[in-house]
Every structure is written in C-alpha cells, then in structure tokens.
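What follows is a single structure, written as structure tokens, with notes after it.
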Amino acid sequence: MARIGFLGLGNMGLPMARNLKKGGYEVVGFDVVPAACKAAVEAGLDIATEPRGVLEGAEAVVTMLPAGEHVRAVYLGDDGLLAGAAQGTLFIDCSTIDVASSREVHAAAAAQGLAMLDAPVSGGVGGADAGTLTFMVGGPDDAFARAKPLFESMGRNIVHAGGGGNGQAAKICNNMILGISMIAVAEAFSLGERLGLDPKVLFQISSKASGSCWAMLNHNPVPGIVETSAANRNYQPGFAAAMMHKDLKLAQTAANHAGAATPLGAEAAALYTLFVNAGNGGLDYSAIIKLIQGAKD
Ligand code: NAD
C-alpha cells in the first residue's frame, strides 16, 4: 500500500486526506494546529510528530495550505520539504495560491530533480467530503500520470492544464469569469426589478437567451428562482464571498505581473473588497447582490 504524506488538515485537507485513506492509501498527516491533528486522529489518520515527518517512506506528499506564503515556507529553505525529500518523492500542492509562488516552488523542486504538481481545486468542502472535487493541474506529464490515481480518490474531474503554475492560472481565470458574471447577473436582476420586471420572468427569458451564463443558471442571486442557489438559504455558502475575494485578488496580482489588462476583473475585486470589508465574507458570493441593491442587511 503506497504511503502518502498530507500537510494542512483544515476544512479541505482533512476530508481530502480521509478520501485518500478510503482509496486504499496509507496516509500520514500533519498540521501546525493541534486541534486539526486531533480531528485527523479521530478520523482514523496517522499523524507525524513534525512537518517533515510526512516525508518518511512517502511516495507522494500533498499540501493543502492557506496561501502562497505558507506554501513557500513549507517547501523552501533548509528546513523545507524539498530539502528533506528523498529522490522520487512526488509533491502535489492543492492550495490556491499566487502563480508566482507556485512557479517559484516548481523551479526549486525541478532544480533538485523532484517531481512537482500544482493542483488547486474547485468544489468546496462539500466536494472535498464527497470526493467529487475538480483538480486543475500544472506540471510535467509523467508527474501528472503518477498522481492521477490520487486525484481520482479525491475528485471526479481532473484536467491537466499544462506546465508548472498552469493549474493556478486556470483556477483564477475561471473564478474571475465567475465573479464578473455573478456581478453582471446581480446588476441585471436588480435593474429588472426596479423596472417592474418579475425576476422569474427575466430568468425565463434570459436563461434561454444570449445573457445566459453559469452563475445565472446555478447560483442565481435572487431567492426562489433556482433550487441550487444559496439565495434560498439566506446566502449561507456554498462558495464564500471571502474565497471569491481571495481568488479575484490573486487574479489581479497575476494580471499585474503578466501585464494583462483585466479592467472588469479589477472592478469585481474592488466590489468584493467593499462587500467583505463590510463583514460579509462568510456569506455566499452571490450575496454581492445586496451591495448592488444597497440592501441594509
Ligand atoms: P483552512 O484554513 O481550513 O486549512 C488550512 C490548514 O493549513 C489549517 O489547518 C492550518 O493550520 C494549516 N497550516 C498552515 N500552515 C501550515 C504549516 N506550515 N504546516 C502544516 N499545516 C499548516 O483552509 P481550507 O478551507 O482548507 O483551504 C485550503 C486551501 O484550499 C486554500 O488555499 C483555499 O483557498 C483553497 N480552497 C478552499 C475551498 C473552501 O471551500 N474552503 C475551496 C477551494 C479551494
């Protein structure tokens, strides 16, 4: 049975590690927060006594950490995972981080002859729990082929997006489309309502016309229109506004770096900053309609 190390056992990491174990792997995890380690032990996982303990005998190590600074700290430097790794160890970073940090870690791994993939996910905690995540993967073909069975234990839709950092690039480009289109849907439905248009009628028309989009069809921000919408559950996420905010900021950082013009992406990031700074980060991202409508709560 292959042994897998797993670093970062938070909201996403723990259920992902659990699904690896269910898939027949021996999983040894670690988290800097003792309560996360305790929850992992209760879930039947083995826990290392220190971060680099996850390397011992591991064929692959998965990391699921908050941001680029954590990923750089964990992988790089004399005490990092890469410095302590045996040749042949495969590294898979599933965190959502900035493209530049991801490519920096890829380059450091390659310089040591170690295989590395960036593999951010979509699907949220529900998808992590159910093993139905989407993985957007960047890195060499042979590393992708080796990692595929691991991804299949944790997810359903697994796409190789190209070289190192391309998984992160795919994720932020996709989520920039989603953020911008959610704001567009929120604006159009708010305008329609002000003009005396029943939102259900607007949906009936637009959902089958040129204005249709995924955000409108699946996460419609107006309650009572689409069954799957968080709007019907008082905007409980779903996909939290704080997460959308993070991804839109990552998209802006990448756009600045690459010299790409993303004026609507910048506007979307600014609107989600206003919304999150007003204390709404825990609501679903579709609740941005409240900001558009000038709603009091
Ligand atoms: P989380 O904060 O619940 O978990 C992160 C874990 O990493 C924490 O338990 C933290 O203690 C641990 N950690 C931090 N530094 C560490 C270190 N040096 N060594 C070991 N552990 C360390 O966050 P999450 O919701 O699980 O998200 C993880 C990543 O997945 C983020 O990049 C996030 O953007 C991305 N993501 C989250 C969701 C979601 O719905 N929660 C969806 C898609 C992607």
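The values are calculated or read from the model by the stated rules, or taken from the named source; none is laboratory data. Small disclaimer: the values here were computed from a predicted structure and weren't measured. All Cβ positions, even for glycine, are placed from backbone atoms using ideal geometry, and neighbour counts span all protein chains on display. The accessibility values were calculated without ligands, DNA or RNA, using every heavy atom of the protein model including side chains. Shrake-Rupley method; radii C 1.70, N 1.55, O 1.52, S 1.80 Å.
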Residue check, residue 118 within 15 Å of the ligand (Cβ to nearest atom), outside the structural domain of residue 251 (by TED's automatic domain parsing) and either at pLDDT 95 or above or open to solvent by 20 Å² or more (accessible area, probe 1.4 Å) (or both): yes
Some residue of the stretch 101-114 being open to solvent by 10 Å² or more (accessible area, probe 1.4 Å), of a type in the set (Gly, Ala, Ser), within 12 Å of the ligand (Cβ to nearest atom) and within 23 Å of residue 262 (Cβ to Cβ): no
Any chance residue 171 is away from the ligand (no atom under 16 Å from the Cβ) and either charged (D, E, K, R) or not in a helix (DSSP H, G or I) (or both): no
The stretch 19-46: number of residues that are open to solvent by 50 Å² or more (accessible area, probe 1.4 Å), in contact with a helix residue (DSSP H, G or I) (Cβ under 9 Å, 6 or more places away or on another chain) and within 13 Å of the ligand (Cβ to nearest atom): 1
Members of the stretch 70-87 that are over 13 Å from residue 109 (Cβ atoms) and within 9 Å of the ligand (Cβ to nearest atom): 70, 73
